[in-house]
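To keep things clear, I will list the structure first and then write my remarks on it.
The values are calculated or read from the model by the stated rules, or taken from the named source; none is laboratory data. Everything numeric here is computed off the predicted structure, so don't read it as measured data. As a convention, Cβ positions derive from the backbone with ideal geometry for all residues, glycine included, and neighbour counts pool all protein chains shown.
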Amino acid sequence: MALSAATIAELAQHLEDAQLQVHDVVKITDAYPDMSWSESYDIQDAIRSRKEARGDKTVGLKAGLTSFAKMKQMGVDVPCFGFVSASMARPDGGDIRMSELIHPKVEAEICIVTKAPLRGPGCHVGAVLAAIDYVIPAVEIIDSRYRDFKFDLKSVIADNTSAARFVIGGRPRDVDELDLRTLGVVLEKNGQIQSMAAGAAVLGHPAAAVAMMANHLGARGQEIPAGSFIMTGGVTEAIAVAAGDNVLVRFQDLGSVSMRFVP
Ligand code: OOG
Ligand code: MG
């Protein structure tokens, strides 16, 4: 079934309104079961255009469902790609307001900034490593707009892969000073370890998530521009948070990222 341009615009508004007005919705494939993959990305692109038209700049790209733990947690078997906006950024050590979110979860993410454009098809880990300016850690706060955080892949892609907030912290490092596969990550909530993993949990190598993103964008006639901040996807399963929680993630060789959840 081909969705009309009007339906794509309507669904983008429906999902973005749910985000901005902080309420959940049923997954959109209930009403549009035959929606295609490219249409789900068209809806996400329409959300991006709505934000940019209001002056909310796109400041990064994200890969999601790239670790085996996340795929298992959400019951899917392919990664997805989205974007993050200026309005989603929060400072390291700062407060995250629960009243602005529906049912947030935190994820530890190894991130990169590129110094050269990447364009698929044919992008691979080697090309990505050559294009990395530096590596920096972040925590993503995801917040699906779908009821009970339950969705299928097409619905979550349209919903900009649950993007809601992100916190960059730690310190930037040259990629040749690190082994991204064995780089350890420990996620703590209120001083207790919740989960831990190494970079290889992300598709065997976090750079593989970026290569996949470049190939995905290439198929849509787009590229990853030089200077892009890219989140490669949660290394462990996502952890639910509530008001009063303190989250601290320690990244081997990259320092830590923290935040506090407030009402
Ligand atoms: C989709 C977004 C997943 C990640 O890092 O795996 C994601 C979701 O689980 O809601 O951002
Ligand atoms: Mg994520």
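Summary of values
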| read-out | value |
| --- | --- |
| Selection count where residues are crowded, with 23+ Cβ neighbours inside 10 Å and either within 16 Å of ligand 2 (Cβ to nearest atom) or among the β-branched types (Val, Ile, Thr) (or both), scope the stretch 111-125 | 2 |
| In the stretch 159-207, residue nearest to Cys80 (Cα to Cα) [restricted to those that are β-branched (Val, Ile, Thr) and within 16 Å of ligand 1 (Cβ to nearest atom)] | Thr161 |
| Qualifying residue in the stretch 173-181 (condition: surrounded by 21 or more Cβ atoms within 10 Å (Cβ to Cβ), within 16 Å of ligand 2 (Cβ to nearest atom) and in contact (Cβ under 8 Å) with a residue 60 or more places away in the chain) | no |
| Candidate set from the stretch 126-164 (those that are away from ligand 2 (no atom under 11 Å from the Cβ) and assigned to a strand (DSSP E or B)); member that is nearest to the chain's Cα centre (by Cα) | Pro137 |
| Selected residue [under 25 Å from Pro121 (Cβ atoms) and in contact (Cβ under 8 Å) with a residue 24 or more places away in the chain] from Val185, Val202, Val235 | Val202 |
| Total residues in the stretch 141-158, condition within 8 Å of ligand 1 (Cβ to nearest atom) and within 20 Å of Glu39 (Cα to Cα) | 3 |
| Members of the stretch 230-263 that are within 11 Å of ligand 2 (Cβ to nearest atom) and among the aromatic types (Phe, Trp, Tyr) | none |
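Yes or no, residue by residue, for (1) surrounded by 13 or more Cβ atoms within 10 Å (Cβ to Cβ); (2) at pLDDT 95 or above; (3) outside any helix (DSSP H, G or I); (4) within 16 Å of ligand 2 (Cβ to nearest atom):
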{"site": "Tyr32", "(1), (2), (3), (4)": "yes, yes, yes, no"}
{"site": "Lys51", "(1), (2), (3), (4)": "yes, yes, no, no"}
{"site": "Asp56", "(1), (2), (3), (4)": "yes, yes, yes, no"}
{"site": "Met71", "(1), (2), (3), (4)": "yes, no, no, yes"}
{"site": "Gly82", "(1), (2), (3), (4)": "yes, yes, yes, yes"}
{"site": "Ile96", "(1), (2), (3), (4)": "yes, yes, yes, yes"}
{"site": "Glu109", "(1), (2), (3), (4)": "yes, yes, yes, yes"}
